[in-house]
Amino acid sequence: MIWETNLQTSTASDPQLHVMPNSKVAKDNLVLVSAGRWIYAVSSIDGSISWEKEFSLDGLEIKQVLQSPENDIVYAVGIAGSSKLALYHLSTKTGEVLKDIQESLPGELSGEIVLGSDDVLVALNKARSSLFLIEFNSGRISYNKVHVSDLVQDLSGTFKLQSVSNGVIALQTPSTVSLLKLKDTDGLEVVQRFDQPAALSDALTIAEKDEAFAVVRHVGSQIEFIVKFTSDVSGEIIREKVIIDQHRGNVEKVFLNSYIRTDKSHGFRALVVMEDHSLLLIQQGEVVWSREDGLASIVDVTTSELPVEKDGVSVADVEHNLFEWLKGHMLKLKGTLMLANADEVAAIQALRLKSSEKNKMTRDHNGFRKLLIVLTKAGKVIALHTGDGRIIWSNLLPSLRASRFGVMPSALRIYQWQVPHHSVMRENPSVLVVGKSGAESSAPGVFSILDSYSGEELNAMRLDHSVVQIIPLTLKDLSEQRLHLIVDSNSNAHLYPKSPDALDVFLNEMPNLYFYSVDILANVIRGYSLQKSCDIEGDEYCFSTKELWSIIFPSDSERIAISETRKMNEVVHTQAKTIGDHDVMYKYLSKNLVFVATVSPKAAGDIGSALPEEASLVAYLIDAVTGRILHRVTHHGAQGPVHAVLSENWVVYHYFNLRAHRFEMAVIEIYDQSRADNKDVMKLILGKHNLSAPITSFARPEVVVKSQSYFFTHSVKAMAVTQTAKGITSKQLLIGTISDQVLALDKRFLDPRRSANPTQQEKEEGIIPLTDSLPIIPQSFVTHSHQVEALRGIVSIPAKLESTTLVFTYGVDLFYTQLAPSRTYDSLTDEFSYALLLITIAVLVAAIIVTWIWSEKKELRDKWR
């Protein structure tokens, strides 16, 4: 990176970048940025702001900025209101306004303006039925109106304009593309029309007065790559057909590049961006390489077990495997004798990867081999193998595909839908993808159910209600489908799957079901219960909700920053915690516990935006059933951003301390005091203890809280906690740092009972002496020397082996590893010498036999005496 410059622009404006074509690298050219009624001129040498200009015209929105290569003038064209067009001549050196021209056009403009040529703009009216050709060369504005229907017949749906090159523009609809050529200012003429979805590249300068551009369109199961010169738009230089995977969707963008062939002629290659955000490089009718860049925009992750290895094997499989075995050994022999060519060496490496134990497509005894099923922002679901990260299958969901210029669906979450028991049911597991068909909160929801092993879409439905909140339940029906509640914008809860069996299971547990919602904009938290009826007639799977409680935070002093709760699948090994003096403390293990952090309004911005006296952070522990605040603590002089993780009976959160100018991490542990008297042996013998008494949120809990805060060196992007199968292994915090690495921090460092001089009993318990800051041990970085660029999330997945957890980190990069927080105490390491063990056993057996023979002979000699 040479330089970087930050510009303060209005959030309501749409910033645009304007770079002069054919700029010389060594020359100090201006890079222009327009936003609202501001223009910024940035030096291309060092990134410094040369000048900035704000125009006084109310409601002005700058749409195009042009630089004249002949003279030192910058032309800025904008729209004020809906029909007034403004043209400004600015000095390139100072930004001074040299000329100001305003013209009112008949009819309102849509705001879409493209450059037709050096001195002609093409604007679309608000009704999207006419085009205005606006000329501004002679110091005045003149225009000509052209009806779209006169240019393109049978035009249906929405369309947009794209500037291709000097004198050529494109009129794009979801299914067609029309190339239009400018005839001075008299009008436009259609040069060519494509009746398939297509994308056009920007013009690429080939010679001094000629440019080339590319058109990539879909033709059946193929895409067609066409290159044209702007001097002869109707002609073609290249027309090639390329076969691609159909799960990539439509072509979104094309970037053209040229190279010189051996015969000195121009060759062309194109970088194609597909609808699923994948990249393809096309050259000479083939896909040279492809990248699944949709993995850089993962929005949610779930896992699936691999199929069980089958015991029976057919004769055909045996014969095939025998042939492959012989073939593989012949290749390996040639490789050992250094007789293999490059292709055979690649085949040998592929065989080694395929035969590797960790890359098999069956589940293993320790639970290390799994499928990571990820949902991307583009609405594509991809299954990754944990062994080597290869893509097993991918599916761009039709229900989440965006129309090119219409409604933009959004993928929300992915959940496990059906996890059948492998020894009872022969069905494959499946996952549920939930999305919305639009950006509004009232947009209808979208459901899609996919087979976890093949990626096939089993069922898809468009819901007749919106999706505001998704609540996965721990309940299952007889077919082992997990029940889910979808809360809509009218606060009605809808049960899925819609089956009589699922309804019976749900109605039995409905009196014990409660949920809460956090409204950050309204600054309020609400708790709800479910009612048996719904306002929608004939829908027995719809339930109305009743608000039980609400906590309204005063907006002038507190703003909700974050809320966290325990993972639904978290396993806790024991409720009791034995401390150094052999006393017992009982953890408060309510699954209804919610952590909420609020910050003062002035401290809601970036670090340093508020003074220490104006900033504060308040942490709450709230019962989600009753709304009772179990604990509240205030950190004066603290500011966000806040990151938190809640596990078992403790919560750890990270924030910035303005007074100390350092980051801090605080820990809160909550214990159940009502069970503290269960230490009398006689009560246990007589059965008068309350260990088996049911826990209810309606009884006022007797809790005791311990807390402590520590300095922490790094800023944090994400936080998670390790999860294991039985919850026995010690916990570690997985912290995504600002350097895009993952740090595994032992929870013992965040023990609120740490003291500067621990007693001998506390040392025996494992209490670490108190220090003011948390240690950063270089060996504790899970990612080692790797960086997960733009890290956004960390997921911990329990393996069957209790000592081990699987860690998946995603951002622009992906990282996966196995982690043993308490070391591998329940398995042998990979470095263990099995040969030495066998030799030791053989020596011991031989020694026993020799000793027995010697003992028998000695006993026989003694008897003869």
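Laid out as a table, the results:
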read-out	value
Verdict on ALA725 being closer than 27 Å to SER563 by Cβ, outside any strand (DSSP E or B), of a type outside the set (D, E, K, R) and open to solvent by 30 Å² or more (accessible area, probe 1.4 Å)	no
Looking only at region 491-509, and only at residues there that are within 15 Å of ASN459 (Cβ to Cβ) and touching a residue at least 40 places away in the same chain (Cβ under 8 Å), the one that is surrounded by the fewest Cβ atoms within 10 Å (Cβ to Cβ)	LYS498
Any chance ILE629 is buried (at least 21 other Cβ atoms within 10 Å of the Cβ) and either in contact with a strand residue (DSSP E or B) (Cβ under 7 Å, 6 or more places away or on another chain) or at pLDDT below 90 (or both)	no
In region 720-741, the residues that are under 21 Å from ALA666 (Cβ atoms) and touching a Ser or Thr at 6+ places or on another chain (Cβ under 9 Å)	ALA720, VAL721, THR722, SER730, LYS731, GLN732, LEU733, LEU734, GLY736, THR737, ILE738
Qualifying residue in region 549-568 (condition: touching a Lys or Arg at 6+ places or on another chain (Cβ under 9 Å), assigned to a loop (DSSP other than H, G, I, E, B), in contact (Cβ under 8 Å) with a residue 12 or more places away in the chain and buried (at least 19 other Cβ atoms within 10 Å of the Cβ))	yes
Top-ranked residue in region 338-373 [being loosely packed, with under 13 Cβ neighbours inside 10 Å and not in a helix (DSSP H, G or I); ranked as modelled with the lowest pLDDT]	SER356
Tabulated pairs, region 469-487, first farther than 21 Å from ASN428 by Cα and in contact (Cβ under 8 Å) with a residue 24 or more places away in the chain, second among the β-branched types (Val, Ile, Thr) and surrounded by fewer than 16 Cβ atoms within 10 Å (Cβ to Cβ), C-beta under 6 angstrom, 6+ apart or interchain	LEU485/ILE471
Residue count, region 223-259 (criterion: part of a strand (DSSP E or B) and open to solvent by 50 Å² or more (accessible area, probe 1.4 Å))	9
Pairs, first within 22 Å of VAL704 (Cβ to Cβ) in region 651-670, second of a type outside the set (Ser, Thr, Tyr) and open to solvent by 20 Å² or more (accessible area, probe 1.4 Å), C-beta under 6 Å, six or more apart	VAL667/GLN708; GLU669/LYS706; ILE670/VAL703; ILE670/VAL705
Filtered residues of region 815-829 (kept if at pLDDT below 85 and in contact with a strand residue (DSSP E or B) (Cβ under 9 Å, 6 or more places away or on another chain))	none
So ILE767, is it of a type in the set (A, V, I, L, M, F, W, C), out of contact with any Pro (no Cβ under 7 Å at 6 or more places or on another chain) and open to solvent by 10 Å² or more (accessible area, probe 1.4 Å)	no
Residues of region 538-558 classified as among the charged types (D, E, K, R) and touching a strand residue (DSSP E or B) at 6+ places or on another chain (Cβ under 6 Å), total	3
Residue in region 595-613 that is open to solvent by less than 30 Å² (accessible area, probe 1.4 Å), of a type in the set (D, E, K, R) and either part of a loop (DSSP other than H, G, I, E, B) or in contact (Cβ under 8 Å) with a residue 60 or more places away in the chain (or both) present	no
Selection within region 517-530 - open to solvent by 20 Å² or more (accessible area, probe 1.4 Å) and within 16 Å of PHE698 (Cα to Cα)	TYR528
Residue satisfying condition, being under 28 Å from the mean Cα position of the chain (by Cα) and farther than 28 Å from LEU384 by Cβ, within set ASP751, ASP746	ASP746
Qualifying residue in region 267-282 (condition: at pLDDT below 70 and basic (Lys, Arg))	no
Residues of region 37-83 that turn out to be assigned to a loop (DSSP other than H, G, I, E, B), surrounded by 20 or more Cβ atoms within 10 Å (Cβ to Cβ) and hydrophobic (A, V, I, L, M, F, W, C), as a count	0
The lone exception for PHE808 - which of (1) of a type in the set (Phe, Trp, Tyr); (2) at pLDDT below 90; (3) under 21 Å from the mean Cα position of the chain (by Cα) it fails	(2)
Residue within region 223-232 that is in contact with a Ser or Thr (Cβ under 7 Å, 6 or more places away or on another chain) and touching a residue at least 60 places away in the same chain (Cβ under 8 Å) present	yes
Some residue of region 480-490 being at pLDDT below 90 and loosely packed, with under 13 Cβ neighbours inside 10 Å	no
Residue ID - surrounded by the fewest Cβ atoms within 10 Å (Cβ to Cβ), chosen from residues in region 172-222 that are in contact with a helix residue (DSSP H, G or I) (Cβ under 9 Å, 6 or more places away or on another chain) and within 17 Å of GLY235 (Cα to Cα)	GLU189
Of all residues making up region 573-610, the number that are over 30 Å from ARG659 (Cβ atoms) and over 28 Å from the mean Cα position of the chain (by Cα)	18
Selection from region 260-288 of residues that are in a loop (DSSP other than H, G, I, E, B) and surrounded by fewer than 18 Cβ atoms within 10 Å (Cβ to Cβ)	ARG261, THR262, ASP263, LYS264, SER265, GLN284, GLY285
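For (1) assigned to a loop (DSSP other than H, G, I, E, B); (2) among the charged types (D, E, K, R); (3) in contact with a Ser or Thr (Cβ under 8 Å, 6 or more places away or on another chain), each residue gets a yes or a no:
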position	(1), (2), (3)
GLN761	no, no, no
PRO769	yes, no, yes
PRO775	yes, no, no
SER803	yes, no, yes
SER827	yes, no, yes
ALA835	no, no, no
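For every residue, the table says whether it meets (1) hydroxyl-bearing (Ser, Thr, Tyr); (2) surrounded by fewer than 17 Cβ atoms within 10 Å (Cβ to Cβ).
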residue: SER780; (1), (2): yes, yes
residue: GLY793; (1), (2): no, no
residue: PRO798; (1), (2): no, no
residue: ASP826; (1), (2): no, yes
residue: LEU836; (1), (2): no, yes
residue: VAL843; (1), (2): no, yes
residue: ILE848; (1), (2): no, yes
residue: TRP854; (1), (2): no, yes
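The values are calculated or read from the model by the stated rules, or taken from the named source; none is laboratory data. These numbers come from a predicted model, not from an experiment. Counting neighbours? That spans all protein chains shown, and the Cβs are built from the backbone with ideal geometry, glycine included. The protein model used for the area step is the full one, side chains on, heavy atoms only, and it has no ligands, DNA or RNA in it. Shrake-Rupley method; radii C 1.70, N 1.55, O 1.52, S 1.80 Å.
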